[in-house]
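One structure is given below, encoded as structure tokens.
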């Protein structure tokens with residue numbers, strides 16, 4: 001028995017020592033890895049095909065600075081504002097100079113603000129309030145940010161509509177690291193002593209394996225998903241898929257669980273901002289949906305589906321979608337009032353103005369300018 005037991009013990013001991021050495025090495029190498037929401041210094045060019053995105057013309061440059069932020073270089077001596085949100089903050093298909101956060105910066109500095117005001121943009125498609133909590137908790141402390149602008153709501157509502165029978169609001173709690181942890185950042189340290197994760201999930205090697213596995217899953221999903229192509233032709237495909245849905249639904253599923261989780265997450269976001277001494281300003285999500293939407297605007301819709309994007313089993317009417325988004329906006333206004341937090345009711349200002357949207361909720365050039373004007377006016381006030 002000793003003949004095989006001693007070698008096994010030695011082998012296991014050696015493996016443990018090797019793992020400990022690798023763990024320490026990974027921690028050391030990852031120690032200086034920053035949190036970034038988008039890839040630093042990345043740059044893309046977009047030129048929507050005719051009819052794909054009404055109101056967007058010519059070539060648009062979408063670029064990041066050295067910190068992975070869309071905007072001018074960060075300067076700690078400025079009055080620094082950071083716009084956080086999903087694709088309606090990201091405004092990917094608009095040029096850097098046409099994105100509403102940059103236009104807000106231009107508007108606020110037009111009168112010669114001193115110190116100058118910087119407005120950075122870390123909006124990212126698909127992100128909801130739970131990812132924004134992570135941005136505030138881990139990305140923002142790397143900089144001296146005075147104010148955060150949070151436009152939020154649509155990416156918290158839609159998951160409850162896509163698969164109402166299997167939707168679980170608890171999946172969007174900040175404690176659910178997994179998907180949220182990897183989805184929230186382009187880069188992040190594989191080990192962070194300030195992240196409250198139990199053993200073994202706090203190990204750098206565990207995080208490395210988790211990130212590799214997540215990347216594999218993303219690659220597999222990407223094979224069946226429509227990429228954000230430079231011409232925006234994916235939007236034409238998505239609209240056709242939605243119109244092919246065999247059923248039209250005028251009523252929404254019960255949104256109580258989603259709304260309650262949304263409220264809890266907004267409270268957490270506000271708590272995080274106040275703990276860091278940052279001024280949070282929440283912004284309601286505008287939309288084109290309405291009972292009286294024109295046939296032209298309705299033909300541009302693609303988001304209000306039930307089931308898989310490539311083969312939806314049903315689609316919601318614009319009136320139903322408007323009702324759902326109004327509930328989420330109302331809950332945001334309620335939280336602002338209860339927490340005595342500033343809020344900009346952008347939805348009340350531009351809802352249903354079809355000339356401002358190229359689909360359900362995304363702004364074209366005129367829409368982005370209108371958004372910037374409303375937010376700039378509110379901030380000046």
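Only the coordinates and a few stated rules stand behind these numbers; no lab work does. Values in this document were obtained by computation on a predicted structure and should not be read as measured data. A quick note on method: Cβ atoms are made from the backbone with ideal geometry, for glycine too, and the neighbour counts reach across all protein chains shown.
Any idea what angle helix 233-243 forms with the longest principal axis of the chain, computed on alpha-carbon atoms, 0 to 90 degrees, nearest 10?
Approximately 80 degrees, to the nearest 10.
Take the alpha carbon gyration tensor of the chain, find the square roots of its eigenvalues, order them as a ≥ b ≥ c, and report rounded if a/c is under 1.5; if not, report prolate when a/b exceeds b/c, else oblate.
prolate
Calculated from DSSP H runs of 4 or more alone, at -39500 (n - 2.57) each and per residue, what is the 222 nm mean residue ellipticity of the chain, nearest 500?
Numbers: 13 runs with 164 residues, N = 381.
So the helix-based figure for the chain works out to -13500 deg cm²/dmol.
With the contact rule set at Cα under 8 Å and sequence spacing of 6 or more, what percent relative contact order holds for the chain?
21 percent
Calculated FRET efficiency, residue 43 and residue 142, Cβ-Cβ r, R0 22 Å, to nearest 0.05?
Working: r = 22 Å, r/R0 = 1.00.
Efficiency at R0 = 22 Å is approximately 0.50.
Only residues of region 361-381 count here: report those whose backbone N is under 14 Å from the spot 7 Å along Cα→Cβ of residue 348, or say none.
375, 378
Could you tell me the center-to-center distance, by alpha carbons, between region 182-213 and region 331-365 in angstrom?
The two parts, judged by their Cα centres, are 35 Å apart.
Which distance in nm do the two modelled labels at residue 373 and residue 355 give, with both placed 7 Å along the Cα-to-Cβ direction?
So the label points at residue 373 and residue 355 sit 0.9 nm apart.
Treat the count of other C-beta atoms within 10 Å as a stand-in for reagent exposure and order 175, 210 from fewest to most. Let's see the in-between values first.
Numbers: 175 9, 210 17.
With the fewest neighbours first, 175, 210 line up as 175, 210.
Of 152, 119, 353, which is the most mobile in a GNM of the chain whose springs link Cα atoms less than 10 angstrom apart?
353
Cα axis of helix 2-30 to longest principal axis of the chain: angle in degrees, 0 to 90, nearest 10?
Value to nearest ten degrees: 40.
Can you compute the label reach from residue 28? Point 7 Å from Cα along the Cβ direction, backbone N cut-off under 18 Å, restricted to region 186-215.
Under 18 Å, as judged by backbone N against the label point of residue 28, lie 190-193, 204-205 of region 186-215.
Could you tell me which of rounded, prolate or oblate describes region 41-143, using a ≥ b ≥ c as the square roots of the eigenvalues of the alpha-carbon gyration tensor, with rounded for a/c under 1.5 and, failing that, prolate when a/b is larger than b/c and oblate otherwise?
Because a/c hits 1.5 or more and a/b fails to exceed b/c, region 41-143 counts as oblate.
Could you state the angle between the C-alpha long axis of helix 365-380 and the longest principal axis of the C-alpha atoms of the chain, as a value from 0 to 90 degrees rounded to the nearest 10?
80 degrees
For the pair residue 233/residue 260, report the inter-label distance in nm, with labels modelled 7 Å from Cα in the Cβ direction.
4.7 nm
Sort 380, 3, 211 by Cβ crowding within 10 Å, fewest neighbours at the top.
Working: 380 9, 3 6, 211 15.
Ordered by Cβ neighbours within 10 Å, fewest first: 3, 380, 211.
Quick one: go through region 302-331 and flag any residue whose amide nitrogen is under 15 Å from the point 7 Å out along the Cα-to-Cβ line of residue 292.
Hits in region 302-331 for residue 292 at 15 Å: 319.
Classify region 107-263 as rounded, prolate or oblate from the Cα gyration tensor: take a ≥ b ≥ c as the square roots of its eigenvalues, call it rounded if a/c is under 1.5, otherwise prolate when a/b beats b/c and oblate if not.
It comes out oblate by the Cα gyration axes.
Cβ neighbours within 10 Å, averaged per peptide: list 365-377, 33-45 in order, most packed at the top.
Highest to lowest by the protection proxy: 365-377, 33-45.
So for the chain: antiparallel DSSP bridges make up what percent, rounded to the nearest 5?
Counting DSSP beta bridges with both partners in the chain, the antiparallel share is about 30 percent.
Using the count of nearby Cβ atoms within 10 Å as a rough guide to exposure, how do 156, 192, 144 rank from fewest to most?
So the residues, fewest neighbours to most, are 144, 192, 156.
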